[in-house]
Amino acid sequence: MVFSSITFLFYFLPVFLLIYYLVPAKWQNPILLAGSLIFYAYGAPRFLAIFIVMMFFNWLLTKQMYNSPTLKRKKWLLAASITLNLLVLGYFKYMNFFVDNLNAILQLTNHNIITFNKIALPIGISFFTFQSITYTVDVFRDEAAPLKRCSDYMLYISMFPQLIAGPIVRFNTIAAQIGERHITMEARVNGCCRFMIGLGKKVLIANQVALIADPIFAMPYQEMATSTAWIGILAYTFQIYFDFSGYSDMAIGLGKMLGFRFPENFNAPYTSLSISEFWRRWHITLGAFMKSYLYIPLGGNRKGTLRTYLNLVTVFLLSGLWHGASWNFVLWGAFHGFFLILDRIFMLKWLEKMGRLPAMILTFFVATSGWVLFRTETLSGALHFYQAMFSFRGGIPVQGEPQIFFLILAALISFAPATAIGQKMMDNLFSDHYSTKTLTLVVVLILLVILPLSIGSLASNNFNPFIYFRF
């Protein structure tokens, strides 16, 4: 089920919220768990049983780990839980990739290839796996006590607002809220506004610039004009930002409406002055996860310069692979890891001397260039697209009239926080506590612009999946 769909907006969500708000507080967790399982089953019914069994075993292993009398036994059970989660993730997400690459090697060596039925990817499995790991590791580190009831653990893992595409919610940040929370009217209004802003970002911007990007990336890259390639990658650059940040806004808004505080996931990333800053602003919860559960355990920056660089590259290679089972994603991770190392060697000082505007333009250029690897499906496709971008050639033009207005609008909104007035507007829009004046403006904006236009767009095209659903 997609947040930006008629089914969710006019059937599932109103019915669920009505029941959730009417029942006593002690019944809200069971209602939320039931609603979350229904939400997941609607989109992936064949995987629901696996999903539930995995949650039960992970809860049981973590409970046994917490009650173990020796540190050695705790470590063994920690390793067992993490291994179980990674094996399931590896089977569903990477087995096809592994077999395809093995068959390519077998063909080169004149051996018979392996006949293999493709494995379907359960939606949200990457986010499900990461949250399972945070639970076990946070309990092992004594950063939070384990949940006594399996149903509460299942609620933490399967909570529908952030189940499919995050934000990645670390257990120690939300454990207390699972046990007890108070839903104020201010939180409900604030959450509803945040949800509607995210809906507008997805439906009115991301979906519209996708109408520019998708036809361009469907063209033969070898014949593509340089201008067309740049329009295509710029459209995708804004599409993925408004698509994913729109989902995160909707998830955070839903969380507030239910009494939860989910972490922010984006902070105007295209205004960054370096790639290092970009990764402090883009997919913030993934960066925090990688830092706490991978980079620091590997040694972080505590074991010398070369080890620091190796740790950075390792983290970003795995980050790229986490996004998808493809060499393009691995190279995308290596691409960003390379620029993070350059930042540490000399580039941060160089960018600082350049000034804010040139540094922002250069950083945006690097991030945009990296999205080619993310969007194209093969290495040869990425190479041909880069050739189209940088060969300054004519070729197949953009067919029809692209919706340039939405591309310009996306750019203006993306870069507005680089100005003082733009930053102030963003702070007011995403504040936890609206002033009366700000609330009035936000509600008027939603009721007069975002909501009717979004509903109109959805009524004409109800199928608009989020990009990160496939990860």
Q.
So, R0 is 35 Å and r is the distance between the beta-carbons of LEU429 and LEU102; what FRET efficiency does that work out to, to 0.05?
A. 0.10
**Q.** Å² of accessible area per residue within segment 245-350, as computed with a 1.4 Å probe and no ligands counted
**A.** 38
Q: Scan the chain and note any complete DSSP helix (H) whose C-alpha atoms cover at least 24 Å along its axis and whose Kyte-Doolittle average is 0.0 or more.
A: 48-67, 71-89, 226-258, 305-323, 356-375
Q.
Using a Förster radius of 41 Å, what is the FRET efficiency between ASN112 and LEU318 based on their Cβ-Cβ separation? Nearest 0.05, please.
A. 0.80
(Q) Sort 41-48, 67-74, 92-99 by packing, meaning the average of other beta carbons within 10 Å per residue, with the highest value first. (A) 92-99, 41-48, 67-74
Q. Which order, highest average first, do 50-58, 230-238, 330-338 follow once you tally other Cβ atoms within 10 Å for each residue and take the mean per peptide?
A. 230-238, 330-338, 50-58
Q) What's the FRET efficiency of GLU180 with TYR66 using the Cβ-Cβ distance as r and R₀ = 22 Å, to the nearest 0.05? A) 0.60
Q: Could you rank the peptides 125-131, 148-154 by their average count of other C-beta atoms within 10 Å per residue, with the highest value first?
A: 125-131, 148-154
Q: Please work out the average accessible area per residue across segment 404-468, using the 1.4 Å probe convention, and give it in Å².
A: 61
Q: First compute the accessible area of the chain with a 1.4 Å probe, then give the percent of it belonging to carbon and sulfur atoms.
A: 68
Q. Among the lysines, which fall within straight-line cross-link reach of LYS26, defined as a Cα-Cα distance under 17 Å, with same-chain neighbours fewer than 8 residues apart omitted?
A. LYS148
Q: With a 1.4 Å probe and all protein chains in place, put ARG281, ARG393 in order of accessible area, largest first.
A: ARG393, ARG281
Q: Using the heavy atoms of the protein chains and a 1.4 angstrom probe, tell me the accessible area per residue for segment 131-185 in square angstrom.
A: 35
Q: Report the full-extension gain for the segment SER227 to LEU17: residue separation times 0.36 nm, less the Cα-Cα distance, to one decimal in nm.
A: 70.8 nm
Q. Could you state the number of Å between the C-alpha centres of segment 128-206 and segment 40-85?
A. 18
Q.
Using a 1.4 angstrom probe on the protein heavy atoms only, could you order PHE415, PHE289 from most to least accessible area?
A. PHE415, PHE289
**Q.** Set of lysines with alpha-carbon distance to LYS349 below 20 Å, sequence-local pairs under 8 removed
**A.** none
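The values are calculated or read from the model by the stated rules, or taken from the named source; none is laboratory data. Owing to the predicted nature of the structure, the values given are computational and were not obtained by experimental measurement. Glycine also receives a Cβ, built like all others from the backbone with ideal geometry; neighbour counts cover every protein chain displayed. Only protein heavy atoms, including side chains, enter the accessible area calculation; ligands, DNA and RNA are left aside. Shrake-Rupley method; radii C 1.70, N 1.55, O 1.52, S 1.80 Å.
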